[in-house]
Amino acid sequence: QKIFGISPRLFQSIKPYIHIQSIQKNTFALKEKTVQIIDINEATIEDWESLPGIGKYYAAKFYNFRVNLGGFASIDQLSEIYGIHDSTILKIKPFIKLSKPIIKKININEASSDELYKHPFLAKWQVEDIIKNRPIYGVDDLFDLKTFKDKKKNQRLIPYLTF
């Protein structure tokens, strides 16, 4: 009766066909999960799935991001994963730790374009700019490139690069 667009006349004509079954409270059971604290640089997809609110899809996103990134330098990097909401990170934060940053570095003067394209902090046009302007001798050279002018945003790359 309270649905917008349903006139009293229309409601009276469909009323005999409406059956609403009552639901008793507390008739469902929640599946209990034992949650262990996981190290985000060592966690498997199954470890990620054991966290509250994390299913196969998100577990794979966390795992694949870490692999493509080369390891987490900080727990705060979880918020940079596309499609992961802050509320999800807040829910799992009590169950995660980063005991030791494990960083796989990329030599930007020797890495293939495919290796560079996989890194989540590098955009396609930045990879093309790197390849076009090799050799790059250090961070200052890198930040002199046209596509790396936003130094604050690109600082997050520094732990992952060698020259």
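Examine the range 31-39 for a residue that is in a helix (DSSP H, G or I), in contact (Cβ under 8 Å) with a residue 40 or more places away in the chain and acidic (D, E), and state whether such a residue exists.
no
Filter the range 62-76 down to the residues that are free of Cβ contacts under 8 Å to residues at least 24 places away in the same chain and either in contact with an Asp or Glu (Cβ under 7 Å, 6 or more places away or on another chain) or surrounded by 17 or more Cβ atoms within 10 Å (Cβ to Cβ) (or both) and list them by number.
Residues satisfying the conditions are F62, Y63.
Residues being surrounded by 14 or more Cβ atoms within 10 Å (Cβ to Cβ) and of a type in the set (A, V, I, L, M, F, W, C): count how many of those fall in the range 152-162.
Matching residues across the range 152-162 total 2.
Is there a residue being over 20 Å from the mean Cα position of the chain (by Cα) and part of a helix (DSSP H, G or I) anywhere in the range 70-89?
Checked the range 70-89: no residue is over 20 Å from the mean Cα position of the chain (by Cα) and part of a helix (DSSP H, G or I).
Residues being over 25 Å from the mean Cα position of the chain (by Cα), surrounded by fewer than 17 Cβ atoms within 10 Å (Cβ to Cβ) and of a type in the set (D, E): count how many of those fall in the range 101-151.
Summing the residues that are over 25 Å from the mean Cα position of the chain (by Cα), surrounded by fewer than 17 Cβ atoms within 10 Å (Cβ to Cβ) and of a type in the set (D, E) in the range 101-151 gives 4.
How do the helices (runs of 4 or more DSSP H) wholly within the range 100-163 filter down when requiring 2 or more residues that are in contact with a Ser or Thr (Cβ under 8 Å, 6 or more places away or on another chain) and within 28 Å of Y63 (Cβ to Cβ): which remain?
124-132
Identify, by number, the condition in (1) touching a strand residue (DSSP E or B) at 6+ places or on another chain (Cβ under 8 Å); (2) part of a helix (DSSP H, G or I); (3) within 17 Å of T44 (Cα to Cα) that N64 doesn't meet.
Condition not satisfied by N64: (1).
Look through Y57, Y82 and report the one residue that is modelled with pLDDT of 95 or more, out of contact with any Cys (no Cβ under 6 Å at 6 or more places or on another chain) and hydroxyl-bearing (S, T, Y).
Y57
Of the residues that sit in the range 82-100 and are buried (at least 18 other Cβ atoms within 10 Å of the Cβ) and not hydroxyl-bearing (S, T, Y), which one is nearest to I158 (Cα to Cα)?
That would be L98.
Name every residue in the range 103-138 that is closer than 23 Å to Y82 by Cα and touching a residue at least 40 places away in the same chain (Cβ under 8 Å), in order of residue number.
Across the range 103-138, the qualifying residues are I103, K104, K105, I106, K118, H119, P120, F121.
The values are calculated or read from the model by the stated rules, or taken from the named source; none is laboratory data. None of these values were measured; they are calculated from a predicted model. We place every Cβ from the backbone using ideal geometry, glycine too, and count neighbours over all the protein chains shown.
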